[in-house]
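Encoded as structure tokens, the structure appears first; notes follow it.
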Amino acid sequence: SQQGEEDPQALSIQEGENATMNCSYKTSINNLQWYRQNSGRGLVHLILIRSNEREKHSGRLRVTLDTSKKSSSLLITASRAADTASYFCATDDTGRRALTFGSGTRLQVQP
Amino acid sequence: NAGVTQTPKFQVLKTGQSMTLQCAQDMNHEYMSWYRQDPGMGLRLIHYSVGAGITDQGEVPNGYNVSRSTTEDFPLRLLSAAPSQTSVYFCASRAPFPGAYMNTEAFFGQGTRLTVV
């Protein structure tokens, strides 16, 4: 079974708005990562947050992590049409040396 | 750097045929993994390797074999293709030196789109 479950499954917003995606997971983790996938392409790493961190920023991205609730959120501010893609969270589980991916959120940014 | 290279990009197989999906990385990464992605779903781990000569099973290993004879290559073999193996397959690598797998990002190939008829 997949570790991470994301919601919403799909999100449609207007350019300039903020987009928030949530991820929940089940086990103990070393870190949580977010990836982006453009249609038909491979995944590209966006940001990594360690288990002892609560918030991290990178450009227009803001990630939070709550290990007590086993949840994370990805905020994309001032979205652009080019942000249209699927976004996946992935957990780096303690005791397992491979990433476990969530089911993803499909983001559509309307110009 | 080429990064992670997967071949072929597309493949159609008949039920019962076998084939090997190739994956090569030029970043001297210790860890390599194979995932499959079905429509509208996330990635599910098939097999992974933590170094040359060492492999382990992921969530959905049945019907697939792997080996890791070199650091650079991690081929995935379909033993007897079935329609249920129709999917997009992704290879990924991480960890630039031994023991560095923690808190490192994964680099993905562009995928192999496999159809089994």
Expressed in µm² per second, the diffusion coefficient of the protein assembly as shown from the Stokes-Einstein equation, with Rh the Kirkwood radius over alpha carbon pairs, at 37 °C and 0.692 mPa s, is 183
FRET E, pair residue B:79, residue A:26, Förster distance 30 Å, beta-carbon r, rounded to 0.05:
0.45
Over all residues in B:38-45, what is the mean tally of Cβ atoms on other chains that come within 10 Å of each residue's Cβ?
6
What translational diffusion coefficient, to the nearest whole µm²/s, does the range A:4-68 have by Stokes-Einstein, given a Kirkwood radius computed over alpha-carbon pairs, a temperature of 4 °C and 1.567 mPa s viscosity?
97
Which trypsin sites (Lys or Arg not before Pro) from the range A:5-106 combine a DSSP loop assignment with at most 16 other Cβ atoms within 10 Å?
A:26, A:41, A:54, A:60, A:69, A:80
Show which aspartates and glutamates lie in cross-link reach of residue A:69 when reach means a straight Cα distance below 19 angstrom and same-chain residues fewer than eight apart are skipped.
A:5, A:6, A:7, A:53, A:55, A:92, A:93
Throw me the Rg/Rh for chain A, computed over C-alpha atoms with Kirkwood Rh, two decimals.
0.96
Sort B:26-35, B:52-61, B:9-18, B:68-77 by packing, meaning the average of other beta carbons within 10 Å per residue, with the highest value first.
B:26-35, B:68-77, B:52-61, B:9-18
Taking only the alpha carbons of the range B:1-68, the radius of gyration and the largest Cα-Cα distance, Dmax, both in angstrom, are 13.0, 37
Treat each spin label as a single point 7 Å out from the Cα along the C-beta direction, and report the residue A:69 to residue A:110 distance in nm.
2.9
Where Rh denotes the Kirkwood radius from the mean inverse Cα pair distance, what is Rg over Rh for chain B?
0.96
Per residue of A:97-108, how many C-beta atoms from partner chains lie within 10 Å of its own C-beta, taken as a mean?
6
Among B:111, B:75, B:11, flag the residue with its Cα farthest along the positive direction of the charge dipole of the protein assembly as shown, charges on Cβ as +1 for Lys/Arg and -1 for Asp/Glu.
B:11
Within 10 Å of each Cβ in A:37-43, how many Cβ atoms from other chains are there, averaged over the peptide?
5
How big is the dipole moment of chain A about its Cα centre under a simple scheme where the beta carbon of each Lys and Arg is +1, that of each Asp and Glu is -1, and everything else is neutral? Debye, nearest 20, please.
280
Express in whole angstrom the spacing between the alpha-carbon centres of the range B:48-117 and the range A:38-111.
22
Sites residue B:19 and residue B:103 - FRET efficiency at Förster radius 45 Å, r taken between beta-carbons, to 0.05:
0.80
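Throughout, read-outs are computed from the coordinates displayed, never taken from laboratory work. Computed from a prediction, not measured in an experiment: that's the story for all the values here. So basically every Cβ, Gly included, is an ideal-geometry build from the backbone, and we count neighbours across all protein chains shown.
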